[in-house]
Each structure stands twice: as C-alpha cells, then as structure tokens.
Amino acid sequence: MADDKDVLRDVWFGRIPTSFTLYQDEITEREADPYYLLLPRVSYLTLVTDKVKKHFQKVMKQEDMGEMWLEYEGTSLKWHYPIGLLFDLHASNTALPWNITVHFQNFPEKDLLHCTSNYVIEAHFMSCIKEADVLKHKGQVINEMQKKDHKQLWMGLQNDKFDQFWAINRKLMEYSVEEGGFRYIPFRIYQTTSDRPFIQKLFRPVTAEGQTHTLGDLLKEMFPTAVTSDDGEKKYQVVIHGIEPMLETPLQWLFNISATRTISSTSVSFPCQQT
Amino acid sequence: MSSSLLWAVDVYGRVYTLSTAGQYWELCKDAHLEFKRLTSVQQCCWGIAGDHQVYLYMHCSDVPIRCQEETYENQRWNPVDRFCEKLLPSDRWQWSDVTGLKHQTLDSFRLPSEHWEWEADWYVDESIDGEPTEKGGWTYAIDFPATYTKDKKWNSCVRRRRWIRYRRYKSGDTWAKIPSQDDGPLPDPFNDISVGGWEITDEPRGRLSLWAVSLQGKVWCREGIHHHNPEGCVWTEVMTPGEVVQISCGPSDLVWAVLWEGQLLVREGISRENPKGSSWVVVDSPSTEVGASHVAVGINVVWAVTKDRKVWFRRGVNSHNPCGTGWIGMVGEMVMVNVGLNDQVWGISCEDRAVYIRQGVTSSELSGKTWKAIVVARDDNRSHSESANSLVSAGCFFSGEVRVQSQSSVMNDTESSSETERSQTAQSTSPTHADAMKRRIPKVTSDSFISELVSDKERKPGRDGRDDQEEGAPLEQDQKSVPQETSIELLSQSSGQLGARESQWSNVDLEEAQTPLTAAASDTTETSSLSSVATYNLEEQYGVDEHPLWAWVCGGGCAVDSHTHLNWFNTSTGVSSSVQSMSLSITPAQTAAWRKRIFEQLSERSKRELENFRHYEQVIEQSVWVKKGIMQWWRDWKPNKWIDVQFALEQFSGSDSNRDGILFIYYTFNDEKKYLHAFINEITILVPVLNDTKHAFAVYTPERTKQRWPIRLAAATEQEMHDWLALLNLSCCDSRGIHGPPSKQAIWSTTCKGDIYVCEPAPNLEAVPYPLPCDQMFWRQIGGHLRLVESNGLGIVWGIGYDHTAWVCTGGYGGGFSQGLASSTDNIHTQTDVKSVYIHENQRWNPVTGYSSRGLPTDRYMWSNVSGLQECTKASTKPPSPQWTWVSDWCIDYNISGGTDMEGWQYAADFPATYHGYKKMKDFVRRRRWARKCKITTTGPWLEVPPIALWDLTILPCSSQSSVEEVSLWGISNKGDVLCRIGVTRQSPAGTSWLHIGTDQPFKSISIGGGYQMWAIARDGSTFYRGSVSAENPAGDCWYHIPSPPRQKLKQVSVGRTSVYAVDENGNLWYRQGLTPSYPQGSSWEHISNNVRKVSVGPLDQVWIIADKVQGSHSLSCGTVCHRVGVQPMEPKGHSWDYGIGGGWEHITIRGNSQEAPRIVMPVPAESALEKSGCVAEEGGGDGGRTASNSSVLGGKEEELNGNAVSC
C-alpha cells in the first residue's frame, strides 16, 4: 500500500482546473478571452492570479482596473480561504473547469477583505499557522522557530515547493507517541448553508480514556446533524481536500496527511453540503 | 526491547510475575507450591517454598542448557593383537579423562539431578584441532602422554579417541526442586535467599552468587552455579559474627545481611578470585533505638528498612567502600524493599501492601524521587499458551462468555472474602470477581462506529472472565433475569457464527461486546461484531479497589530504568486499553478501510481534476531554490585543514516536480574567491563522520571515490549537520527518482560506525563484460545502528547490532537523521546499540618501585589507546560521538587474546610487543585494558528479535518471484550455538522461534546457498558442510568436516548459487573447487586474493567483498566495497576486482540481488577496461602500496591513510 507520505504529495499537488472569464460589464478595449489555469488547492487566490491579472491587462485600460476580485455564481470568493476550500464549498459538484468571473470594479467591501500585497497574505498565513500551533503545542514549536524558518514555510507555499515547505512544516506536525496526538486538533468546519463563517472549538485527538477520536466523533460533537439524522438518510457531505473520508478515520491521522491545510487556516476544514 | 519480569509473592504465598511489556500480574505456573521468598535474575528465579526447600525456576530459551561429557578410550599396539585395549601396567586406564589420571568408563557417567536428561548416546569425536580425522576418530602418539596426531606413523604405539555425550537441563519454565545435600553439614531449613554477583566475573559464563540464611541464622553460599550448571553443586557455610535473619546480594560485589539484633553486616573482600568475600564488617542500624529488619543492595546502593517500617538509604556506597558513609531517612513506610537492575528500587508498602516502584532513580540520583504504586490487575487463570496468540480457540469460548460475565460482574457480591474468591478462581469454574470500575475497551473495527454511538452513553461496568469455561451459571442466581436470557440467545448465535468464520486479530473489537447487552439489541450486525470479540485480555479479575496484598517482591531480573515506559500505573483499564487501541490502529488490517478509501479518493480526485486539463497552465512553472549556510571544509591541498566556506545548495525543479541541483562550496584562496561544485545527480553517497570534535560529513562522487578523497564538510552543530544531511539526501534521492523503502533486490552494507547503507542495484550491475562501475553505485543511508545486515530476494532483511541484538527490518525506510519526509511514518522504531570503548593502562618495571606508572621518556603514554600513540585517560576519553552516552563505569577487561593475570595485566619485554598473561623474568612492561560501555539510541526500520543475541546469520537466497513458503534463516548465537529460525515467511520475516542445532564446538560463521547447501565455520577454524538440508528438512541431519586451506584458519564463509567462498584470518579469499551436485563438499580450496575482510556471494554467484588497503589516487582506503568482475557460469572465479565506496566499510550483502543482467553479445571480450589482477591490492603489505591493479596511483603524492571518511 502506498505510504502516508504519498498522500502528502497528492494533497499538495492537488490542482483545480479553472477558467477565468472577465465580468461582462467590465470595460474593455476588445473582447477578452477566458484564461485557463491550474490552481493549487493549498494556495490562496490572490497569490496565484497574477497571471490572470496580466492576461486581462492586455485588453483593459489601466484606469479601469481597480483591485481585482473574483466571483463564482454570485458569491464573491474570499481570498483568505484556501483555493481548495473555496472550490469544495461552492463548486464541488459542478462540471470542471471551475468558471470564475473576474471583476475589476465595484469591490464588494462588505464581503471581502482588501488584499493589497502578498505581505497581507503572508501575515494571514502566518497567523493561521500560529493559531494552529497554539492549539497543537501551545505555540511552542512555532515560537521556537527562527524567522528564516517562518520565511521558508511561506516561500514554500508561495513557490509551490513541497520539500521546502515540508522541511519546516514537519516540525509543526510532531507529537509524542505517548500522548497519541496533539493537544487539540486545529480544525474549522465550514458550511455552505450556514451564516456562521465556520465552527471552531477545542477538540482533542484522543479521548480522556486514551482512545483515538475519529472524524465521526468530531462531527458528532460539533455538528451532530452532519452525521446522522432521524430518518438515517445522509444529508450532509463532509468534504476534505475534495474527498469524503470515512467517518472512522482517526482525526490525528487525517490531520497528519491533510496537514498542508495549516496553510489555509487551522488545517482540517469541513465544507458540509446539504444533499 | 525484550521484556523482563518482576516477581512477587502475595500474602497467600502465590507467585506472580509482571512483564515489563505487560499489564497483568500473571500467576506463575506450578501454582500448587506456596512460596515465602523469591530472588530473581534475568535468566532464572530462586525461591524458598512453604516446605522450606529451595526451588529454581529457569526461564526456557530456544537454546537449551547442554553440557558436554567426554571420556577417552586409550589403546596400545602390540604385535599380536595390533591396537587393543590391553595396556601396560604402567599405562593409564583404558577409559580415562584427558589427562589419563582419572578412570572413567562410559557407564560411570550419571546425570547430576532429576532435572537433566541425556540428549543422545555416546559417540566418537572425529576431529582434532579443527581438522577431521580418519573414520573412527583415533589419534596416534608414540606413548602416553604425548602429542597426538591424526596420522598413524610407523612409531605410533598408542592411540586414543574421544567419546562425547551431551546432557540437557530439562526443567525449564517450572519450579525445579534443588536436591537436598547428601554429604557435608546439612543446612537446616532456609529462611531467606538472595542471588546476584553476575557482574563479579563472567568466567565461567553465567556465574551467580547465591546466598541463603537458615532458620538458625547461619549463612550459606551455593557453590558452582553457572550457565552450564544452573543448580549449583553444594552449600557451604559462611561464618558470621551473629545470627542473621536476612541477606541481600547485589549484581556486583555488594552483600549485606541483617542480624537478629538489628545491626547490619557487610561482606568485604569480594572479588573475581574470591566471590564469597573474606570478612564481615558490622554497620549500625540507621536508628539508635530501632534495629534494622531488612536490607537490599544493588550495584552502588543499599536500602534498609528498620523494625518501625522506616526506609533508609545508605550514602556513599561503592565497590571501594561497600560500607558506605551514612544513613538518610526516606519518606514512606515499607514492609520490605528490593533493589533490582539498574539500581531500581521496589517496595511493599505497610499501609496497603501494594507493590511500589521508586521513581526517578538514575545513576546520578540513586535515591530517586518518589514511590509510585504499581496498579495492575491480576490474571490468575490465564496461562501463557492461551494468551493472545491462540486466537481462534481463545476467541471461541471467550465470545460466548463475555456478556454473561459482564452481567454477573454487576451483580457480583463484592463483599465475599477475597480468599474464597481466589479459591473459586483457582477452580476456574466459577466466574471471577469483577470490579465495578468503569472501563473502556478498544474499538477498532470500522463498522463499529455507529453501534459505538449507540452503546457509548450507557456503557456498563466492565466484564471479565475470558478464562471461564462455563457460562457463569453458578453466579447468576441473583442477576436480573431479562438480559440474561437475551444474552444466552445471543451467545448461541454468536458461537455458531464463530464456527463458520475465523475469528481474526483484525476484527478485535472488545467494545462492541457490550453493545448487544446494553442496547439489548440482537440484530445480526451486532452479534457478528460480538463474535469478533476475542483474544486480548483486557479484563481485570480483581478490581483496583479490591487490590491484592503482597508479601514479597523481587526486581532482580526486571530490566527497567527511569526512562522505561511501563503500563503498570493505570488506575482504570481505560488507559491500558488506549495503549492497545493506539497500537492496534496502526496495523494495516485495521486501518485498511478508511485509509484505503482516502488513497483511492485522492487518486480519483487527481484524475477528475487533472486528467483533461493537463494542457492548462501551471501557476508556478519552474523555480530555483537556494539554501545557503556556513560550513567548514577540509581543503584538498596541503597542508590540509578545516577552513571556513560558504555552502550552497541550488535546486531547480520543473512543473513535473522533477528536480536537480548543484552543491557549491565557496572558499577564498590567496585572497581570491573560488568555488568547488558537485552535481547532486553525481553524488553517490553522503557519509556522516560524527566525532566528538567535528560534526562532519563526507560527500562522494565517482571521481572522489576513485581518488579515495571525499569532499569533507563540517557543520557548526549536530542539528545543523543533520538538517543538511537530510536535505542533501532527499535531493540526491529525488534526482535519482528513489523513493520509498529499499527494494527486495537491494544491496545492504554497514560501516564500522554502524551506519547502514542501501543501494538499488542497476540492471547492468552484473553485466558481462561491461558491468556498472562500482564507484557509480548510489548508496543511501537507512536509520539504525548495526554491525551486519543480511537479506534475500524476498525482501527479508535481518541485522545484528554491536551488542549482538538481532533485528528484523520492518520494511520501512528513513529513521536516523532523515526524519519527516524521507522517512516512512509507520515501521520506524527506536533502536539502541551498545559497544565498548577501550583504553590501555601501561606500566614499566623499575628496580625501586616495581611496576609503576613512571615510564621512560621514550615510552608511550601511561594511559593510551591500543597503539600507544594517543593519550587516553579515563577522564578525557569521551564516547565516540555525541550520539553515544556512557552506560557503565570503567572496568578491567580480562577477555583479551593472550590472557591476563588476576588483575588483568598482560606482560611483555617492551612496548610494543606481543603480550602474555603471566610475568616472566624479562618482562619489563605490562599493560591492561579497561572497557567502558556506551549506548546509542536512534531510530530506524528495525524491530528487535529477542531474546537470543546473535553473532552471525544467513538467509536462503531466493529470487523475488520465488514461491518458497518458509525461508531458511540460520543464525549463530553470540555463544556459538547454531540456530535455525522457524516460521520465517514473507509475511512474517521475524519468524517465530529458534531451533537449536547441536554442535560439538562453538561456531562463528554460517552461510546457506542455492539448493540449501549450508556451510559453517567453528570458532577453532574448522569448516563444516551440513548434509541433507532441504525445504522439507530445514535443519538438515549432520555435519561433514571439511579440511581447511593449509596452515590457515577460516573465519567467514559465503555460499551463492553454486560457488562457495571463504575468508581466513589472514585476509585470504578462498574459492572451493570441485563442488558437484553429487559431491557438494568439493575437493580443495583455491586462493583467489588477499587483503580481504569479508565476502558475500550472491544468488547469481556474484562475488562482492570488503577489501583492505585499496589505493586511490589521493589516498588509501581500508574497508572498501569491491566487486569481482568477469564472473560467469563457466568462470565462477571471475578475473579482477572493481572498486567501489570505501573507507571504513565493514559488511556488505549482495544476497538480495537476483536480477540477471541483460545479455549483450559482444564480439570481443574487452579486458582493457579493467586491470587483471589476482589480488586486491598491496601484495604482502610491502612497498609503497603500488600494485598491478593500481595503475592510477599518482607518483608524487603522499598517501594518507586517514584520508577517508570513516577511518577505522
């Protein structure tokens, strides 16, 4: 059987084929062709859409170009969510490629944060990493790291360097065997149907008695309706990295393999969709 | 780690053991005996039973205790009868011992006790001095006594032959009564007993001191206990100044006793020569008012208990001052204390009669920190055979019981006296008492999740009684009747299912056992989960609240230290079960479902999201990544020295994640900036050269290998070095596309530093006539520390550590420094190894003071290494690298060739010379060797195969497609026993147990080749072929003695498909000629080469060696991997050597590689590429190191022996 390490690669090298189309009301000098790109699931939109911007620059006047923002079927896409999450959340059951509409006007101030430069993303990314590590190791690991290690994490993500990223990230993923896992599993549950941005609570990877918690355990506690309902019919789809793991999957293991998500927020995120 | 046992006796005299790996007190077999006292060491336990007799419990081993008896048959020639038993009146007995002084006929030999049995009948030894004799085994001489030879000459007037018979100790794993003494003063009944003293001397092997105290207060010592005589021979009295009540003997030279009046006695003068000691010294009781009642000693500690139950620690005890200096009162009140291995302390508390372990006892803090109670349940009825491994049977009756028991446990009458209950338990018909503790039992099966949710809320108190044969009827009278009926129905259902399907480990799911009960549900899914309940006993028969009362504890054989992880302190079973569930959850069968699903889904996802969109542009196309650092570099030119350099690794990667890189070393030379570079894809090996001064590593390319001069770099810290090594390793592996575990074909090698390397053989590695040059082989490091590794084509890989521990490869990769990415997540375990560091103490004789440490000005250092060139004092000598830590103190080493005197000295006329173990007239100098053990703890894909320590091993070579079921694996124990491993298969490479093969002398090397040809070499150099080994008869039937090459003693043998090669003690490589299927022993040895250390012959008869003194263009290399070129079916000896990586290589095995090279038909066999040479290098160790094979030696350069990475 394949090794867990192969999963890390699979997760990291996950790509979503995307077509970027300019919003119809944007003012162009000539008709703009759609732009096609493979987006890394673990990255952030604003980090990977320079090419998109350049593409549309060719057909637009500089003064017509405000801050670029992206929208999918009426939903403005939050740049501070990882790309994979956005896709799973909003578009997972649609045909590929993912059709994203590109806007340069009318920035939706109430929905989106401004992202003026990569530093903003980096700051957001690092704060997510830190938040996760506080949950995992009381923040000890991240605080003991040097500035250059932080930089390497970020550069690894920015340049899509798996090894560079993991050379540092593995330190963040260590835990003692005796404890059976981290202090708390950093996770966020995102729902398509909820107004709340996400569910985030403290949850240990093992029970007080030392048994491993599974994905099912977590959901049962955080979001009971996602697991069972009265008529036994499955109403929700639990998606992580574009797949639906079995509820019996131990949480710690799931986190170990999906840990590239530390990038995005606090790792495991569950877009739950009503079926 | 192999487990060891803590022994204890409860207040009813029943003996229990607790394994360091276990979580239960197990009732000792032979439970009919009641014991008062126990004293244990690792191999055995002695006890005084209720009948005041002494009993011995020897732990069984795969290697039996066997003793050789021998006697000589002597004959004299006369002209009438020729050789006959008629001897001259002045001659020796016709049957005698070796000296001829003692008359001993064959039938005069008696077994020493009823615990022994004869192995076979008497037979004649047909060898002399490692050489086979004629049939009949006679050896000839001119007269008695004289030198005997195997050849009959004209003047041979007498002859003799040796008869051998073996007896075997048969009473293993049971209490064997020590026969009471027939002669001499018969000791009155014993009252106390204590064993120890194994560290005083290892001559004879396994020697123990056993001290005993009789009811009258006399002290006795048991004589002659050692490995081959576990029972000892006789009790001798040791006079004491008073009546003794209790005695304690430590592992080394401490013996303390308690007098009736309350003072303590200390034995003085215990030494190698006089293990009983010479005199007693009285030490006062710790407290002036209250006398001592109990004492316990270790290596450097003494603990005592006074009559008021107070515990005391003796300060300042060591072997120079066995009396110590003063008492320190400790917290806690104990009935007794016991000191075990590593000076760990055990006690039984007055208050609750529980067994306590002293926490935090380390060599620097011998008194420890706190007492901690051992809280584990007892398991009275479970016998060893029924434990976890007898799955099906255990599962069968277990599954039936569970619910009923859990019902009964709720109801059970907790107030019934424990005594009655125990007797009930003993009968094993009545259900045992269960605690009312809430417990959780691991659940692992995937389909259990939902039902777990149902049952989770209302989890009932635990159940127990896996051992009860019946359904618990006797205790069910006062139970709720409703669930009982249901459960019985379920029971029949489930046992019916069990019959149909096998109960499997992977289905273990104890949690669900409760589901039918608690939810009172009887649907089939749940019942079937019930049927899978089995096999792992997590129940307690005695709850923690009803805890046992202990009377005696002994940790003398219990190998724990302050770091050992023990599962003994669980106040609820929950904790213990969690350990189980964690470990279970990593077994492939358990994880299969969800894990496989994720794997499948991910690849589906990739397919779905990428398949049709590969033409889309990537966000990040290609990039360069540079990592820089400051290092030191051992510069190439003279004078060689470490200089500061800038170090950079540039990596480029394309969108397809292919990558490559270059290593740059920027240095300044004469104020001019220069650089040196190496392409990552040209690097063949990275070798850490950690020593106590530099955190260095060496980088080799094919060119550097030819030069025998690597790029040597040193990082500032060990961590930095490891980071760089991990990164470089990863880059190298990536650039060559090597990922994951080593293949089954892989070539394994080890260095003298214990580092393990593996090479994926290229298909053209054995190509004829153009094989892949050896120096281009890429080696990557695998975690762990081993002396040798052996493998075969089925991927079965075993290794042996420097401490002779056997390890089996788990199939993982990584470990050591390559954590994280380059390492598999499962299958990596902690590995430890221990080796000794030696220094020499040198002295010179002068007329005034005799031998003293004042030498001549020209002399070597008075404390030095073996060569005398380097000063090595006790204080200044450090462990080999920061990875090693000292685990013992300096002690004199008596086991040196040449022998020593009683103080370990060896004498010689002058330094340096050959040393001998006794003083002669002209000996002006002497030396002795001190040894200190150090230990490394690392990680790697290795699991220990306890308990037998190995010297050598061999695995049957097979091709990777081979359908062989059980693979032959043979080992030689570090004591020289020949062992055959049973049950080694692809699925369970560790096998199950050893089968001991009787031999007349200890062995040292063994090899099994194609067609089950097996060859072995004994320690005396005699060579044997084992007959009739086959798949059906894996142990073979008898040994055929093969004559050695003239005047040479062989030391190692390797057997390939048909070729047999051997190496002798002088480094010559020999090829066995004339082997045919009908005569597999062959006819003679042919010399192939010299300067050979080790040989490995592969399944295709390929020949690889470790050679010494291989000359490179810059330097000379010891311990070099060499490949015999030109080996073909019709030319099995090949024609020349090709040289690979070197500089401290110790071992190689080619025996996994069964890939035939693609056959290329070449018009002309080209020999020009490789020099034809019969010897590896330097002929006869002579002039300048130039040989025919070293045509590329640079004339003007001076050779440097230490030019290589790992010097040895």
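The numbers here are math on the coordinates, done by the rules we state, and not lab data. Predicted model, so just to flag it, every value in this text is computed and none were measured. Every residue, glycine among them, receives a Cβ derived from its backbone with ideal geometry; neighbour counts consider all protein chains shown.
Miscellaneous remarks
- The relative contact order of region B:308-362 comes to 25 percent, based on Cα pairs under 8 Å that sit 6 or more residues apart.
- Projected over every direction and averaged, the convex hull enclosing the alpha-carbon atoms of region B:255-323 yields 4.4 nm².
- Across region B:804-941, the volume of the C-alpha convex hull divided among the residues equals 134 Å³ per residue.
- Between the C-alpha center of region B:234-292 and that of region B:318-380 there is a gap of 20 Å.
- Reachable lysines from residue B:276, criterion Cα separation under 19 angstrom, eight or more residues apart if same chain: B:218
- Distance violations [Cα-Cα > 31 Å] among A:201/B:369; B:29/B:369; B:922/B:1051; A:148/B:674; B:673/B:694; A:53/A:201: A:201/B:369; B:29/B:369; B:922/B:1051; A:53/A:201
- Where trypsin sites (Lys or Arg not before Pro) fall in DSSP loop in region A:71-153, at most 14 other Cβ within 10 Å: A:110, A:138
- Normalised by the number of residues in region B:605-726, the average gap of Cα pairs under 8 Å and 6 or more apart makes the relative contact order 17 percent.
- For region B:697-845, the gyration tensor built on C-alpha atoms gives a rounded shape. Its axis ratio a/c (a ≥ b ≥ c) stays under 1.5.
- Built amide H within the under 5 Å cut-off of residue B:793, gap 5+: B:958
- Sorted from greatest to least, the principal axis extents spanned by the alpha carbons of region B:865-1006 come out as 65, 41, 25 Å.
- Relative contact order %, region B:83-137, counting alpha carbon pairs below 8 Å whose residues are six or more apart: 16
- ³J(HN,Hα) computed for each position of region B:604-609 - Karplus, 6.51 cos²θ - 1.76 cosθ + 1.60, integer Hz, glycine/proline x: 4, 4, 4, 5, 4, 8
- In region A:138-187, the GluC sites (Glu not before Pro) that fall in loop regions by DSSP, at most 15 other Cβ within 10 Å: A:174, A:178, A:179
- Here the scattering of region B:979-1100 is modelled by Debye summation over its C-alpha atoms, one equal scatterer each and no solvent; at q = 0.09, 0.20, 0.23 Å⁻¹ the log10 of I(q)/I(0) is -0.24, -1.15, -1.43.
- Among A:69, A:11, A:24 the positive-end extreme of the charge dipole of region A:8-71 (Cβ point charges): A:11
- Ranking of B:1054, B:287 by count of other Cβ atoms within 10 Å, fewest first: B:287, B:1054
- Residue order, fewest to most surrounding Cβ atoms within 10 angstrom, among A:53, B:86: B:86, A:53
- Translational diffusion coefficient of region A:76-165 (Stokes-Einstein, Kirkwood radius from Cα pairs, 25 °C, 0.890 mPa s): 159 µm²/s.
- Among the listed pairs B:627/B:753; B:706/B:1109; A:138/A:171, a Cα-Cα separation exceeding 18 Å is found for B:627/B:753.
- Normalised per residue, the volume of the convex hull around the Cα set of region B:150-262 (Å³): 183
- The 3J(HN,Hα) values that the Karplus relation (6.51, -1.76, 1.60; θ = phi - 60°) gives for region B:964-976 are, in residue order, 4, 6, 9, 9, 6, 9, 10, x, 10, 6, 5, 8, x Hz. Gly and Pro appear as x.
- Too-long pairs where the Cα-Cα distance tops 23 Å, listed order kept, from A:130/A:161; B:152/B:1004; B:878/B:933: B:152/B:1004
- Positive-end residue, region B:107-175 charge dipole about Cα centroid, Cβ charges, pick of B:140, B:155, B:128: B:155
- Cut-off under 5 Å, modelled amide H: who pairs with residue B:968 long-range: B:956
- Distances between placed amide hydrogens fall under 5 Å for residue B:995 paired with B:980, B:981, B:982, all partners being 5 or more residues away or on another chain.
- For region A:1-66 versus region B:1017-1045, the gap between their alpha-carbon centres in whole angstrom: 72
- Stretching the chain fully between residue B:706 and residue B:620 yields a gain of 26.9 nm (0.36 nm per residue, less the alpha carbon separation).
- Computed 3J(HN,Hα) for region B:359-366, one whole-Hz value per residue from the Karplus formula 6.51 cos²θ - 1.76 cosθ + 1.60 where θ = phi - 60°, is 8, x, 7, 10, 5, 8, 10, 5, glycine and proline marked x.
- For region B:602-621 versus region B:48-122, the spacing of their alpha-carbon centroids is 81 Å.
- Prolate/oblate/rounded label for region B:1-67 (Cα gyration tensor, a/c 1.5): oblate
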